[in-house]
Each structure stands twice: as structure tokens, then as C-alpha cells.
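*Asks:* What follows is a structure written as C-alpha cells; I'll ask about it next.
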Protein chains: 2
Amino acid sequence: MSGPLSGSVVSREVIDRPVLVTYRAVCAQNQRSPYHRVGNVAREDAVLSTMQDVPLLISRILTHGSAIHGTSQVTTWTGEDEPHRRSFAEIGARAAQLAHALREDLGVCDDDRVATLMWNNAEHVEAYFAIPSMGAVLHTLNLRLPPEQLAWIVNHAADRVIIANGSLLPLLAPLLPHLKTVEHLVVSGPGDRSLLADATARVHEYDDLIAGKPTSYDWPELDERQAASMCYTSGTTGDPKGVVYSHRSIYLHSMQVNMAQSMGLTDEDTSLVVVPQFHVNAWGLPHATFMTGVNLLMPDRFLQPAPLAAMIESEKPTHAAAVPTIWQGLLGELTAHPRDVSSLTQVTIGGSACPPSLMEAFDKLGMRVCHAWGMTETSPLGTVARPPAGVAGTEEEFAYRLTQGRFPAGVEARLTGPGGERLPWDGESAGELEVRGPWIAGAYYNGPGADPLRPADKFSEDGWLKTGDVGTISADGYLTLTDRAKDVIKSGGEWISSVELENALMSHPEVAEAAVVAVPDEKWGERPLATVVLKEGATATFETLRAFLADESGIAKWQLPERWTVIEAVPKTSVGKFDKKVLRRQYAEGELDITRL
Amino acid sequence: MSGPLSGSVVSREVIDRPVLVTYRAVCAQNQRSPYHRVGNVAREDAVLSTMQDVPLLISRILTHGSAIHGTSQVTTWTGEDEPHRRSFAEIGARAAQLAHALREDLGVCDDDRVATLMWNNAEHVEAYFAIPSMGAVLHTLNLRLPPEQLAWIVNHAADRVIIANGSLLPLLAPLLPHLKTVEHLVVSGPGDRSLLADATARVHEYDDLIAGKPTSYDWPELDERQAASMCYTSGTTGDPKGVVYSHRSIYLHSMQVNMAQSMGLTDEDTSLVVVPQFHVNAWGLPHATFMTGVNLLMPDRFLQPAPLAAMIESEKPTHAAAVPTIWQGLLGELTAHPRDVSSLTQVTIGGSACPPSLMEAFDKLGMRVCHAWGMTETSPLGTVARPPAGVAGTEEEFAYRLTQGRFPAGVEARLTGPGGERLPWDGESAGELEVRGPWIAGAYYNGPGADPLRPADKFSEDGWLKTGDVGTISADGYLTLTDRAKDVIKSGGEWISSVELENALMSHPEVAEAAVVAVPDEKWGERPLATVVLKEGATATFETLRAFLADESGIAKWQLPERWTVIEAVPKTSVGKFDKKVLRRQYAEGELDITRL
């Protein structure tokens, strides 16, 4: 008897756990047949599962994909005539080599963090598999973050190694003096190495480092709940928060992605992964595709509309995944410079809702857009907007596609109202979405040795994630999000949607822009403040706008704002979103000229 | 802080386990940076996964299916004009009622075994979910077994309750005097209750028992490794062996069934489940369909070709699952009485290999046959014969479809040769298939309080299941089975396929039947004995048959039998298979007239 399985196949530990004892205690209050004993001890005659206790590990996905689907390919765009191609078998061999190099040459051990500052490419896929499979923790760095946040995150995670693309050295080099734990830099792909001349960390060439290493690795039999990878949220308030995925959560999430009602791809497919690998595990696609042999098409740094259109035409992906802004850009490009993109029939859109007009435009191109909702804390697959059976070809179908989608079996959902009450799934009651499941975060990483963070505004007492998203759930489980929780106005125990008021105001012909924010109110707790940007020559008064809301837009009387102001422009964040923090501050500090109706 | 999740979300137990310590011990031999400690203690600065620790439970599949897919249906054939229809929402409500009744009226508690002696129907689906979800163990009884085996199995499992269909009381009633642990009988559906007049167990009507009970149940938060259901193999030698599935194994298996490369069904589909629910969880379909809303069409006791054809025509299933003999019968029926069966495009065949002629006949009907391989010990999904990308429309495609199929990511496979050596995946080296995975058995149930059985001929020392099947695996992971391990002849460290020799012999125009068995040989260990049934008027001699094997069938010289005998008929089992045990015994006892060439 040897090997990690032998001890646990028929282990009795299962029946000793507190959860079961609790259940037994309930049982014990009722009648029992005489030949059963119950209580706080393991029963000697308990029926034990006879199943093997095989942990769900990322190394198993890798060895499966590189053996059974060894001929499937990771194609990386290079901007040259011919993209770079590497088979899953080669990826498997090189991941083993990378693990050997990290272990033997760089001393990576235990749960050391190995960070990546990389585009989507074959080497990043190798890092995705090698680092968790050897027992270390992959930490994907978001190259869109401000440099000071990036440095803070590297120090907080205590990364020992950073693997970086050469093209990102101009971003990395200025950070180096601020990084406290990084001992090694590994550079892959073209880029000016002289930028690292002053680095105190040792600098390695990726390909040199792995050259000559064995092409297989005796992957350790880890606990499936061990940390596998981590990703920090770019929180708009406070420090970034680290979400730490386990082997178990990633494995289960990969299975879900592959289910027919999620993305449901097979080895006949090629997936263009535009969503960055530093963004929530690229929505799980690198792991999921190695389970089923789906080919990967990786754009590297070529994320502009023209090269994306070119790679679709030449590499003929059947599926693609990206945020709406990418699709908007691609649509413009295809309109200006038509290309044959007929291979691409399935498009997964997440990150934010897809405008209906964009969805219709892609329908006309033969690309079927499918909404998915998720966040860093949900791995990210939370919902997928595949319409239910029986609505194909009807108007209802489009309405279903505009929702955020339906929950898979692994994600439990509930809506919580402003007073903490549970709301029904009736398609009308709006509440904050809370979710539970094996690939949903229950805490945030809090640095070496510290207890994890469980802030009360993010996690309920019974362990559910508070998503911060507000919306409704229909009787058949389709989620429609309307607001961020911080943007709804809590007025006398009821919620008023600021988004709904804004859209109604902006539909008035004389209103250029409008933002609605919650302001404190002695009687109601909070009330809406309407801030309006009028078009030139507008004659509308606050009274006529208020009447317009009530009469033309069907806003309930109790939801109508009584505080109004005209502003020159709505303040915006660096990415162009309404910056309501500024308006709230201006109101609090008396900088706005308020009219009360 | 309360609820079963609170304690384990960020538990540190992960890093205390022996597996990790072993890995650390390896790490410790190499260089480490000074700010890490390694050794046999949990490191204080370990990175813990921040994922919720939500167990994979059958109750979660039920609540998901009955809420999100509440309008999907379980349709049960009744033999009347109109089948019986019940929505997933109703199934969910009735499963809760059944659990209340079992708990409160029948005292079912802990891991009590509740057996079912039922056809495929809505009530059996309710039992599938209610019994494991409440923490008890579902024990499906195989109504095709000889009565004495059935009684042995009920006693061995110590079933407290049996839920039986009324139509099966003629089978159940004679067993009752032999059942030692059964306290309650619950009867569902039409049938003569007077057969139970002498029963000492209490008799209940299913519908009366659940009537008026609450339609929801506070399902306990069980350990996912707890026993959920059990199924005995009808072993050809020795006592039947019990396989005990866990919540975890069933949940993971259900996800796999739903992956696009397995059955990949969605709520647009209806699955005709001909494979009995007492046969390895009906190949996982009841669980898998509640995850995704696939409608279930259940034939109850109407398994004859005519009603099957009628239900396909009227209910229009898109998918069906059954063993080849069912399909053979259906094909005959459809040839004699053509019907519109065009809805049925996907057919999963398991249990034994589908003859190529049958596959081609179904292709012509527009039904795409897909092989799957598995056994009671594998839950059962072991392989699925979907051809790889790129072969559609070629001759290769049909060859791939005739294999047993490809392993999914959750099933690891290896081939072991006659000397215990590992064989390559080259499509030529034949060995015994061994498998490992989270839904593969690692032991057999051994009765209350006893340690599980791990016979050395069924489980390897490192915990893999020895399937007893012999075959090859291609480089791209397709399994082709050729023999049962007990039917191969181990000659001088090499294997000879008895099936190959038999097929070659039976292709001779004067041979009616032939069976080849291993017999002891002093020099080679084992050698083949050819037993031949000649057609009337045959003139072939053993010499001409032996030459035929070598010259016409390409059998290697060292594989040619030297022991020959003519028999009147090959002995057969009750289900018509060659009974080689009899031949081996006859040879051992000198009853056969052997010629040595």
C-alpha cells in the first residue's frame, strides 16, 4: 500500500465531522429502530461511500488535455504573417519544464506566489498550469491598474517571482524599486531587456530557463482546497482585495463552463479569448478548454479592432469572449472594412451588459451574442443568458437574451431587500443579489499569516457573497440587474433605482445628461437628487421635468425627486463612467445650488 | 456567525493534512528563501483559498432543478391513451413530502437504507432525490436478479424500507419471508395488494403516505463524501458486490454527463431513459437532467419494442439511452411497422458494444448512435465515443464511433500487461484497463460495521479500479475493448485474445459456433483450447481449421491453439452468453476428448 490515495479511499473521517453530528442530533429526537445507535460518536455500522477519493486538481486537467487532446492548439497572434502555434502536448511538456525551472533554479516551493504580467499567449497558458500544479500560487497582475496599485498588490501578495512579457517591461521597470519580495524576473517574448539593467532581482529569459528541463513532472497530490491562483479586484474604494481560487473551485468551474447550457464547446471549436488572462482566469477558458480540447486563439497584445478582425478572418474561431467595448470596436471595424467572419457564431459577452443595438447588429452578422454575468469573486461564471426551451424565434427570446441569464446548478441565488428581507423570484421584486456556491468567494485574502477578511458589506453572516448588484429574478431563474447597490436610493425602506430615473430624464428632448444620486433625508433616510445637464436653448423647468417623469415615464409619485440642480457636465471617471462620488461630495459640501420642489 | 458554512470557509485544516506535509518535506530538501518556514507544521503565513466550502449534494441538484427548471417534465408511460406528466416543480414538492413521510412516519434516519423495487417512473425519480437528500441511502434493487440473490442483497444492505411498484408485487411477495431487516413496504401504482396479506412489515400506500406533508424540506448540510446510493453488481462469481456512491461522486458525474462532449443535453431536449433506474443510477440521467432541465420520458414497465416505438412517435424524445438488445428489438419493430421517429437524433448505447450493422441501420433512420462504456463501479460514465475534430464525413469517423470512446477529464486510465507492466497508448498494446477518478469505486461495501472489501483482483495497490476489461488505447485516448480479462489467455507473458480466435473460427464456412478458453500449460502457463461446433456435413479437420486461422485470418503462429475438440453446442448462461466456466470445468475433469496438434 502506497501512494496518496491509499489512506483516504475508505477513510472513516467522513462520519466524524461536526456537520453530521448535528444532523444525527436532530435525528435522535425522533423514534429510531433499536439496532441503530446515534449520538456524538461515529456509528460503527455506518455505510461508507466506496468511491475513490481523488482530489480535483489543475494538474489533472493539464495531463488530460495534453494527452487526450494533445493535437489541439494554442495559437498566439504575433502581428507577423504567421501566428505562433503550439499543441496542447507541447504546452503540457513546457509546463512541466517551467515547473522544474521554478522549483530547481528559482527555489519556488510550497504556496509561493508566482506572478504573471502577461498578455494572452501560449506562455501565459503554460504558467496557468505549471504554477498551481506544482503547488505554488499563480498571481495574475492586471496591467491596466495604476502603477502604485500594482506595486501595492505585488507586495501584499508577497510575490517571489514575476513572469513578464518583454512588451510590458516599460510598465514593469518603474515598479521594481517599490517591490519588496520579488527575487526573480522571468522575461518572455520581444521587448527591450535593457530596461531591467538596474533590477536587483535576478533576470532570466523564459525560454533559456526552461530549456533542457524534463518534459514531465511528478505533480504532487495536493489537497483540492489548497490555494491555486489569486486575482485582486480593482475596488473603487479602499485597497484592492485578493480573491484566492482553489484547485477545487477552478476544476468545478471548468466543468460548468463546458456544460451544454453554459459555453458548451467541444474540440471542433476554436475560442478567441479576448478577455485578458489577468481578468478572473480569462473567464475560466484556459482551464475549460484543456478539459475538452477546444483550440485557443490568443491575441497577445493585438487587441485593437483591426488585428482582431484579421485574426477572426484567418484563424476562423467559432467562439469568442470579451467585454462589450471590444465588440463595439470590432463592429465599427467590420462596418468600415468588411471581412469574412462567418466562422464566429457564438460570442460570450460579460463584464457589463451588452446594448440591445449591439446585440442586434451582431445577430445580423450571424454572431449569436450570449450574455454572461459574473465577477472576480464568482470565478466568474454566475449566470449565462441562454433562453429557455420553447421561445426560439419569438419576441420573448430576445428579452431573455437581454437578461443577465440563468443560474447554473452550482450557483445558488437569493435577493435581499433594503430591510434584509428575502424577496420572491417574481421578476418584479428588486433586491441585492447574494450568491453561494463552490466557486464563489467567502472571504478576501488578508496578507501572510493574517485571518482572511470578511467585511460585512461583502459577505452575509451565513457565508453568502453580497454581490453589490441589484436586480430581479424571474420565476424561471433569470437575473435582470438594474443597479449597483451603492447607486440605489433607500427611501423609507423601499428602493428607488437611480438608473431608471436617469434614463427617464435623459429621454426628455431637452436633457443632454442626467445623474441621480442618493442624499441624506431626515424623514426618509435617503432621497434622490436629480442633477441635470440641459441642451443649449432648453426651456424646460424642474417642474416640467418632474411632470415629464410622472406622466411620460410612469415613475411612481413617491419616487419623484424633490431636489433638483442644473450642472454643466456630469463628472466622469477615467474610463468614462458617471462619477457619483463627486456629486455626493459636492452636495455634502454645499457646492450645488439646489431647488426643492 | 452560524450555519454549516461558517466554520469551514477559511478553515486552516487544509494545510495540516499529511499529503501536503509530504510535499513540503520534498521542498525542504532544496534551497528556500529565508522568510519561509517548512516542515511538519502548518505555516503561519500559508495562503488559504478564500472560496466558500459548499458541499456537492444531491439536494442542491433537486432544489436547482425544481426551481430554475420547474416547468420541465417527467412523463411516465402508462399504456393508456395519455401518459402521466409531472413537472420538475411537482417532483421537488413530492420529494420533500416523501422525505417528511420517511422521516416522521417511518423513522428513517441517519444512513438508513431505503430500497426501491421499481420501474422507471416519476415516483422512482422522487425516491432518487428524497432519500439521499435527507441523508439516507437509496438502494436500487435489480428486478432481473434471481429471487435468492435479491433477498441476499436486501439482507446484506440491511434495507429498512422497500418502495415497490404494485406491478412488481408478484416478484416481491415471495421474498418477504426471507427479508430480515425490512420494517416497511411502500407500494406505488397499480397492482394486487392482496399479495402482501401475509407481510409482517407494515404496508403503506405511497400516495397516502406523502399526502398532506409539507412540500418543502430543510435538507441537511451533509458531508459530500457521505453515502448517497448503492447498487450491487450481479457478479458472475461469488456474492454480489455493493458499490456505494457518494453525493460528491454523483454530483461530479452529473456535471460530466452534461458536458458538451458527453451527452451534452439542454432543456430543449427530452431523454427517453430506457436503461433501468436500478442499473447504475440509470447512467446518471435523472440527476444530470435536473441540473439542466432536460425533460425525462420514462417507459415504466413498457419496455417492449411496440410501446417504445409508440412513445417515441407520440412524445418525440430527442435522446434515448439503452443497451443494444433494446435497440435491436426496436429496429425490428420499426421495420415491420414504420413510424415517425424523426425526433430521436441522439442515441446513447452502453452495456455492451453495438454491432456495426445496427449502428448503420440507425444512421439510416437519422438516429446517431454514440457508444459509451462504463460499469457499476464507474457510476457509470467511463468513456464516450464522440469522434475527434476533423474526421466528420470520413471513413475514420465510423471507426472512431465503433470504439468504446474517449476518457473524460475526470477518468484517468492506464493499461496493465500480463506481467503487471504499464503499456503505451499506441492502439496496439493490449492490456487490462485500470481507471481512477472521483466517480470510480475504490472498494466494495462489506455490510454493517465491516471494513470495505478491496479484493486484489479488482483494485490495485495504489487504489485504481481493475476493470476486468482488456483492450487498447490509441494515442488520442480512444479505448477499444477486445476481451474480458478472464477470457484472455496468458501465454508466456503475452496475451492471446480468445474473442479474436473465436471470431476467426466462426468465419469458417463449416463452423457453426466456437469457444476458446484458457487451459493450464506447464511450459507457457496457459494455452488456448479451441472447442468447435461443426455444421452438418462438415468435412473440415482440426488441421484445416488451424491452417485457416493462420492463412486466412492472420493469427500469429504462437497464438494458434494446439488443443482442439468438437462439441455439440457451446454451453450458455441464462442470458445467452457463452458460459466458459462450464468448458473449463469439463476440461479440468477430463470430460472433453482433446486432440493435440
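The values are calculated or read from the model by the stated rules, or taken from the named source; none is laboratory data. Remember, it's a predicted structure, so these values are computed and weren't measured experimentally. Using ideal geometry, Cβ is built from the backbone for each residue, glycine included, and neighbour counts are taken over all protein chains shown. In case anyone asks, the SASA skips ligands and DNA or RNA and just uses the protein heavy atoms, side chains included. Shrake-Rupley method; radii C 1.70, N 1.55, O 1.52, S 1.80 Å.
*Asks:* If you put +1 on each Lys and Arg Cβ and -1 on each Asp and Glu Cβ, how big is the dipole of chain A around its Cα centre, in Debye rounded to 20?
*Replies:* The dipole magnitude comes to about 1080 debye.
*Asks:* Give me the percent of DSSP beta bridges within the range A:215-314 that run antiparallel, rounded to the nearest 5.
*Replies:* Of the beta bridges lying entirely in the range A:215-314, close to 65 percent run antiparallel.
*Asks:* Any idea which of A:L505, A:L592, A:W524 is furthest toward the positive side of the dipole for the range A:489-597, if Lys and Arg beta-carbons carry +1 and Asp and Glu beta-carbons -1?
*Replies:* Working it through, the farthest residue towards the positive pole turns out to be A:W524.
*Asks:* Within the range A:144-233, which trypsin sites (Lys or Arg not before Pro) sit in a loop by DSSP and count at most 14 neighbouring Cβ atoms inside 10 Å?
*Replies:* A:R144, A:K180
*Asks:* Distances in nm, one decimal, shortest first, from A:E552 to the same residue in every other copy, taking the label point 7 angstrom along Cα→Cβ.
*Replies:* Counterpart label points of A:E552 in the remaining copies fall at 9.2 nm.
*Asks:* Same structure, new question: What are the distances, in nm and sorted shortest first, from the label point of B:I594 to the label points of the same position in each other copy, with each label point placed 7 Å from Cα along the Cα-to-Cβ direction?
*Replies:* The projected label point of B:I594 is separated from its counterparts by 10.5 nm.
*Asks:* Still on this model: Provide A:R94, B:R546, A:R113 ordered by accessible surface of protein heavy atoms (probe 1.4 Å), highest first.
*Replies:* B:R546, A:R94, A:R113
*Asks:* Could I ask something else about it? Can you list, largest first and rounded to whole Å, the semi-axes you get for the range A:83-224 by taking the square root of 5 times each eigenvalue of its Cα gyration tensor?
*Replies:* 23, 17, 14
*Asks:* If you take the beta carbon distance between B:H84 and B:D340 as r and set R0 to 25 Å, what does 1/(1 + (r/R0)^6) give as a FRET efficiency, to the nearest 0.05?
*Replies:* 0.65
*Asks:* In addition: Under 8 Å for C-alpha pairs, at least 6 residues apart: give me the relative contact order for chain A, rounded to a whole percent.
*Replies:* Once divided by the residue count of chain A, the mean separation gives 9 percent.
*Asks:* Further question on the same structure: Under 8 Å for C-alpha pairs, at least 6 residues apart: give me the relative contact order for the range A:101-176, rounded to a whole percent.
*Replies:* 40 percent
*Asks:* Roughly how many Å is it from the Cα centre of the range A:476-498 to that of the range B:210-274, as a whole number?
*Replies:* 39 Å
*Asks:* Evaluate Rg over Rh across the range B:492-596, taking Cα atoms for both radii and Kirkwood's formula for Rh.
*Replies:* Reported Rg/Rh (Cα atoms, Kirkwood Rh): 0.94.
*Asks:* Ok, one more. Per-residue accessible area for B:K581 at 1.4 Å probe radius, Å² rounded to 10?
*Replies:* 100 Å²
*Asks:* OK, next. Using the Cβ atoms and a cut-off under 12 Å, what net charge is assigned to the surroundings of B:K180, where Lys and Arg are +1 and Asp and Glu are -1?
*Replies:* -1
*Asks:* Next question, about the same structure. Just how much of A:W495 is accessible, in Å², when a 1.4 Å probe is used and the result is rounded to the nearest 10?
*Replies:* Near enough 40 Å² of accessible area.
*Asks:* Under a point-charge model restricted to the Cβ atoms of Lys and Arg (+1) and Asp and Glu (-1), what is the dipole moment magnitude of the range B:412-484 relative to its Cα centre, in debye to the nearest 20?
*Replies:* Once rounded to the nearest 20, the dipole reads 260 debye.
*Asks:* Can you give the local net charge around A:L334? Use residues other than it whose beta-carbon is closer than 14 angstrom to its beta-carbon, Lys and Arg +1, Asp and Glu -1.
*Replies:* Counting the neighbours of A:L334, the net charge comes to -2.
*Asks:* Compute the longest continuous run of chain A that contains no exposed GluC sites (Glu not before Pro); treat a site as exposed when its DSSP state is not H, G, I, E or B and it has at most 14 other Cβ atoms within 10 Å.
*Replies:* A:81-420
*Asks:* Right, here's the next one. Using unit Cβ charges (K, R positive; D, E negative) and no other charged atoms, how large, in debye to the nearest 20, is the dipole of the protein assembly as shown about its Cα centre?
*Replies:* The dipole of the protein assembly as shown has a size of about 1720 debye.
*Asks:* Another question, if that's okay. Per 20 Å bin, what percent of the C-alpha pairs of the protein assembly as shown does each bin hold, from zero upward?
*Replies:* Spelled out per bin, shortest first, that is 10, 37, 36, 14, 2, 0.
*Asks:* Could you tell me the relative contact order of the range A:83-214? Use alpha-carbon pairs under 8 Å, at least six residues apart, and round to a whole percent.
*Replies:* Computed value for the range A:83-214: 26 percent relative contact order.
*Asks:* Let me ask you something else. Could you put B:R596, B:R406 in order of accessible surface area, largest first, with the 1.4 Å probe and the full protein assembly present?
*Replies:* B:R596, B:R406
*Asks:* Right, another one. Could you list, bin by bin from short to long, the percent of Cα-Cα pairs of the range B:412-484 in 10 Å steps?
*Replies:* Once binned at 10 Å, the Cα pair distances of the range B:412-484 give 20, 47, 24, 8, 1.
*Asks:* Also, I was wondering about something else. List the pair-distance distribution P(r) of chain A, using every Cα-Cα distance, as the percent of pairs falling in each 10 Å bin from 0 up to the bin containing the longest distance, rounded to whole percents.
*Replies:* Calculated over all Cα pairs of chain A, the distribution is 3, 14, 23, 25, 19, 11, 4, 1, 0 percent.
*Asks:* A 26 angstrom limit on the alpha carbon distance is what I want to check against. Which of A:K523/A:K580; A:K486/A:K572; B:K316/B:K364; B:K213/B:K316 exceed it?
*Replies:* Result: B:K213/B:K316 exceed 26 Å.
*Asks:* Suppose the chain between B:A538 and B:T394 were pulled fully straight at 0.36 nm per residue; how much longer would it get relative to their current alpha carbon spacing?
*Replies:* Net length gain for the segment: 47.7 nm.
*Asks:* While we're looking at this one, here's another question. Give me the percent of DSSP beta bridges within chain A that run antiparallel, rounded to the nearest 5.
*Replies:* That works out to approximately 55 percent antiparallel.
*Asks:* At a probe size of 1.4 Å, how large is the accessible area of A:W524, to the nearest 10 Å²?
*Replies:* A:W524 exposes around 120 Å² with every protein chain in place.
*Asks:* What number comes out for the charge environment of A:T573, summing +1 per Lys or Arg and -1 per Asp or Glu over other residues with Cβ under 12 Å away?
*Replies:* Net charge in that neighbourhood comes out at +3.
*Asks:* I would also like to ask the following. What are the label-to-label distances in nm, one decimal and shortest first, from A:G537 to the same spot in the other copies, with labels 7 Å along Cα to Cβ?
*Replies:* Ordered by distance, the counterparts are at 10.8 nm.
*Asks:* Give the shape of the range A:233-311 as rounded, prolate or oblate, defined through the alpha-carbon gyration tensor: a ≥ b ≥ c are the square roots of its eigenvalues, a/c under 1.5 means rounded, and otherwise the shape is prolate if a/b is larger than b/c and oblate if not.
*Replies:* Verdict is oblate for the range A:233-311.
*Asks:* Right, here's the next one. For A:D111, A:D45, A:D426, what's the largest-to-smallest order of accessible area, 1.4 Å probe?
*Replies:* My answer, sorted largest first, is A:D426, A:D45, A:D111.
*Asks:* Express as a percent, rounded to the nearest 5, the fraction of DSSP beta bridges in the protein assembly as shown (both residues included) that run antiparallel.
*Replies:* 60 percent
*Asks:* Further, regarding this structure: Based on a Kirkwood Rh over C-alpha pairs, give the Stokes-Einstein translational diffusion coefficient of the range B:357-398 at 20 °C and viscosity 1.002 mPa s in µm²/s.
*Replies:* In µm²/s, the coefficient is 180.
*Asks:* Under a 5 Å amide H to amide H cut-off, with H placed in plane at 1.01 Å, what residues pair with B:V137 once short-range neighbours are removed?
*Replies:* Hits under the 5 Å cutoff: B:D112, B:R113, B:V114.
*Asks:* Would you work out which of A:L117, A:Y128, A:V369 lies farthest towards the positive end of the dipole of chain A, given +1 charges on the beta-carbon of Lys and Arg and -1 on that of Asp and Glu, about the Cα centre?
*Replies:* A:Y128
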